[in-house]
Amino acid sequence: MTRRRTAGAIAIGALLALPGVAEAKTKTVNMGIPPASGKAFQNAGVDVNDFFPHGVTINKGDKVKFLAVGFHSFDFPPRGGDMLPLITPTGQKVSGENDAAGAPFWFNGQDQVSFNPLLAAGATFGKKLTFNGSKRIISGLPLADKPKPITVTFKKSGKYTYYCNIHAGMKGTVTVKDKGKSVPSAKADKKALQRQVATALTTAKKLPKTQVPANTIDVGASGKHGEELFAFVPDALTVPVGTAVTFRMHPASYDIHTATTGPGDPEADPNSYLGQLAKKFAEEPVPPGQAVYRSEQPGTQGTLTPALHGNGFWNSGLMDTSNGSVIGSSDSVKFGAAGTYDFYCMVHPFMHARVTVQ
């Protein structure tokens, strides 16, 4: 009996060694910063919207295991297709939203938007998928606690580009070669990953020193490989009364931010006006128009005083550089009264800047 099992094992081993019948290999992709490198980036206050490694090469029939190590997704569209958008219209209109003075906001009657239900309901974490380039596969949004890996088997040769639905511009590639063709070894893949991490960390450490034009605040600072500093740059600015300040997304950013001022600190006081707005954006399937849209009617510039909208509220609305945001990638406001104005991002409420007007 023992001899038979040994002989059988030898025969199976020999069979697997033949071209075309080798056991499928699996390579790993981190959807975000590899955990072993996370602390270094955390110390720099920077995240990286990229897949690590950015590109992998495998043979047909092999697998890629995607690890959910950050708030990212993957979307492999069919040939010639595009990724699914993160934010889509619900089919309803905004209604009944008034400012603190009781005046209706201009965006009543505009499209109500929400996070794409296909992404929210279509999560595939913990599952095994196959891809041949003809039918879309997605991870969906990583909303569960500690999402499990997704393993994808690639059935057809070719080069496939995939995307993160959450951070438009974040993408990776999987190159699938015919069986028997040479692909990078595990050692080569490890070196490529190390180079990618080192490059990203070098860039990350430079982001706090990002230079911006006069009377401008960048909402986040970004590197060309998805590095993202979650801070306003600069985070303190002093201007005279009557100055207009532009809040803009960094041109290289893959993220979504707002620049918002009004009563309360959304981090320290979740029950405040801004605290409630940030909470609704994070927790409600359909965020309020006050969080999504700019507070001022298109084509106009607000003059910020403590009385604007009854309580000193002003909002840029959602801004990004490549995902077709509601208003675009920047907005500006004129400061009409002396004082101190604190700005926050409703998507990332820990981001804070202060404008002192004299």
Hey, any hits in region 312-325 for a residue that's in contact (Cβ under 8 Å) with a residue 24 or more places away in the chain, open to solvent by 60 Å² or more (accessible area, probe 1.4 Å) and under 26 Å from residue 168 (Cβ atoms)? yes
From 116, 98, which residue is polar (S, T, N, Q) and loosely packed, with under 15 Cβ neighbours inside 10 Å? 98
Screening 102, 80, 45, 70 for residues that are farther than 25 Å from residue 222 by Cβ, among the small types (Gly, Ala, Ser) and touching a residue at least 12 places away in the same chain (Cβ under 8 Å) leaves only 102
Mind checking which strands (runs of 3 or more DSSP E) fall wholly inside region 310-358 and carry at least 3 residues that are at pLDDT below 95? none
Among the residues of region 272-302, which ones are outside any helix (DSSP H, G or I) and either open to solvent by 70 Å² or more (accessible area, probe 1.4 Å) or within 19 Å of residue 256 (Cβ to Cβ) (or both)? 284, 285, 286, 287, 288, 293, 294, 295, 297, 298, 299, 301
Qualifying position, being under 18 Å from residue 30 (Cβ atoms) and assigned to a strand (DSSP E or B), among 161, 153: 161
Only listed residue being of a type in the set (Gly, Ala, Ser), open to solvent by 10 Å² or more (accessible area, probe 1.4 Å) and closer than 22 Å to residue 218 by Cβ, chosen from 338, 252, 259, 268: 252
Against the definition (touching a residue at least 40 places away in the same chain (Cβ under 8 Å), among the small types (Gly, Ala, Ser) and exposed (fewer than 14 other Cβ atoms within 10 Å of the Cβ)), how does residue 236 come out, yes or no? yes
State whether the residues of region 189-208 include one that is assigned to a loop (DSSP other than H, G, I, E, B), out of contact with any Leu (no Cβ under 6 Å at 6 or more places or on another chain) and of a type in the set (A, V, I, L, M). no
When you scan region 172-190, do you find a residue that is among the hydrophobic types (A, V, I, L, M, F, W, C) and within 17 Å of the chain's Cα centre (by Cα), even just one? no
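The values are calculated or read from the model by the stated rules, or taken from the named source; none is laboratory data. Note that the structure is a prediction, hence the values are computed from the model and not measured. Backbone-built Cβ (ideal geometry, glycine too); neighbour counts: all protein chains shown. Ligands, DNA and RNA are excluded from the accessible area calculation, which covers all protein heavy atoms including side chains. Shrake-Rupley method; radii C 1.70, N 1.55, O 1.52, S 1.80 Å.
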